[in-house]
1. What is the sum of charges around Gln310, taking Lys and Arg as +1, Asp and Glu as -1, for the other residues whose C-beta is under 15 Å from the C-beta of Gln310?
2. Give me log10 I(q)/I(0) at q = 0.16, 0.22 Å⁻¹ for the range 39-123, Debye formula, one equal scatterer per alpha-carbon, no solvent.
3. Report the convex hull volume per residue for the range 1-156, counting only C-alpha atoms, in Å³.
4. For the chain, what relative contact order do you get, as a whole percent, if you take Cα pairs closer than 8 Å and at least 6 residues apart?
5. Arranged from highest to lowest average of other beta-carbon atoms within 10 Å per residue, in what order do the peptides 40-47, 217-224 appear?
6. For a bin width of 5 Å, list the pair-distance distribution of the range 215-286 built from all Cα-Cα distances, rounded to whole %.
7. Contact order normalised by length for the range 300-433, with contacts defined as Cα pairs under 8 Å and 6 or more residues apart; what percent is it?
8. Let me know the whole percent of all Cα-Cα pairs from the range 310-392 that are separated by more than 21 Å.
Amino acid sequence: MSASLAEYLDKNDKRALDELKDLIRIPSVSADSKFKGDVKRACDFVADKLKAAGLSVEIHSDLGGHPIILAEWLKAPGAPTVLIYGHYDVQPPDPLDLWESGPFDPVEKNGDLVARGSTDDKGQMYTHVKALEALLKVNGKLPVNVKVLIEGEEECGSHALNAFLDKHSDKLKCDVAIISDTSMYDYDVPAVTYGLKGIAYYELFVQGPVRDLHSGSFGGAVQNPCNAIANVIAAIKDADGRIQLPGFYDDVKPLSQQERDEFAGLGFDEKRFMSEQGVKAVFGEKGYTTLERKWARPTFDVNGIGGGYQGEGAKTVLPAKAFAKFSFRLVPNQDPKKITAALRTFLEHHMPPGVTYQLKEHHGAPGVVVPLNSPYMAAASKALEVVYGKKPVFIREGGSIPVVTDFKVRLGVDTLLMGYGLPDDKPHSPNEKFRIADYFRGIRVNCRLLEEIARIKK
C-alpha cells in the first residue's frame, strides 16, 4: 500500500465511520413490509456512495422484491475482474427489550459499534465501498476490474436476487467473487472461510378444533395442536443430537482426518465459548467436537414456536392452532429438495390423528466448500497477513450464504469469504456489534486484496 493511500485512509477513517452510522440508522428490515420504504432508502444511500466513489451504478427495481444495486468500474484491460457481493438489508431487531441501546441508534461502546446491521452486513459490506473510494480518489483508477452486487433481501430469501441472476447473469461475468459476511476466528486472528453450510427453512401449521376450547371440558377428548406440534418437533432429533428424517445423512460427506486435526489445532476454548453464550453445557451430535458440529455437521433447530394463550396470567384453553418455524443447516452434498421430501415423509408418519397440518417451504440452498489452493486464496491470505501482521487461519462456518453456490453454479467462479466480524458480534441477536478497529482494518485489507489480485496472471 502506497504512502499516499495510507494517508488518505487515516485522514478519512472518521468520515467512513460516520457514514456507516448514517447507513445503520436506516431500519432496512427486509422481512417486514412496513419497512419497505426504509429498505429503499438504504439502497439509495449505498448507490449514491458508490457513484460518489467513481463507479457507474444501476438500480434494478423490477424484479418483484427489494431493489438490487449493480455498480461497475471496468477500465483495467487485461486485469482480472472481481465481483464484490454484499447486502444492505438487516434482520428484525426483536426482542427490543433486550437491547441496551436503540437497535438503529449506533453507539460506540468499548471499541465496538453497537447496532443492528453493524456486522451483518452493513459494516462489512461498507468496507468494500470505502476501499474502492480510497483507491479511486488516490490513484484515479483501480488495479482490477470491479463489479459490485448489493441486494436487499439476503435476510429473507434473496427472491429478487434469484430473478436477477436468471435475467442478468451475463452482467456478472468475473474471475473471482468476494464476500465479507463472515467472521474472523478470534480477536486479532484473521481468517478465510472456505466452507459454508446450506439451509432448508420451513413453517409448520397445525389445526385442531374449529375454535379454542375449554381445556377442562375437552382435554383428553380432543387432540391439542400445541401438544401435537411439540411431540412432532421433539421427534425430529434424538437424545444424541441425530436427526431422524429418513435418509437424512445419506449424502453427508464425512470429515477427513486432516480437517479434524486442523480444527483441533486451532485451540478452541470450550469453557470460554460456554461463558460467552451464557450456557452451562454444550450440546450436539454425539461423537463430534463443538467446532465440528458448528462448522461441518448438519443440524436442526426450532426458530420460533407458538399457539394458544400468550397473555398475562392463566387461561385454561385448548388452542385451535399451533405453528413452528424451523430450519436444517446442511453440509455440502446434501440437497434441500431431498430434505423436503424426507421431512414430508416424516410428518406423514408422526403427526397424530385429530389434527391437520400444512408445511410451508421457505428458502433452501446447499452447502459449499471452496478449494484452498487457488491463486485468489493466496492473494486473500497475503492481504490479511500484511494488514493484521499474522497469517490467517482457514475455517468453516455454520451460517449460510446461498449466493456462494449460485456464483459457482451460474458463473463458474469461487468466492473468497473474508469476514472482519468476531464470533461474539451477536448477528441476528440483540446488541449486535462490530469492532471499529476491524472495520478500519477491513477497508485496508480490501485495498490490498485488489492489489494482490492484480498480480495474478489470467
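Please treat every number below as a calculation from the coordinates, not as lab data. Not measured: the values here are computed from a predicted model. Glycine also receives a Cβ, built like all others from the backbone with ideal geometry; neighbour counts cover every protein chain displayed.
1. Neighbourhood net charge equals -1.
2. Each listed q maps to, in turn, -0.79, -1.11.
3. So the per-residue Cα hull volume is 112 Å³.
4. 25 percent
5. Taking the mean over residues of other Cβ atoms within 10 Å, the ranking is 40-47, 217-224.
6. P(r) for the range 215-286, in whole percents per bin: 3, 11, 10, 14, 16, 15, 11, 7, 5, 3, 3, 1, 0.
7. Taking the mean separation of contacting Cα pairs over the length of the range 300-433, I get 18 percent.
8. 61 percent
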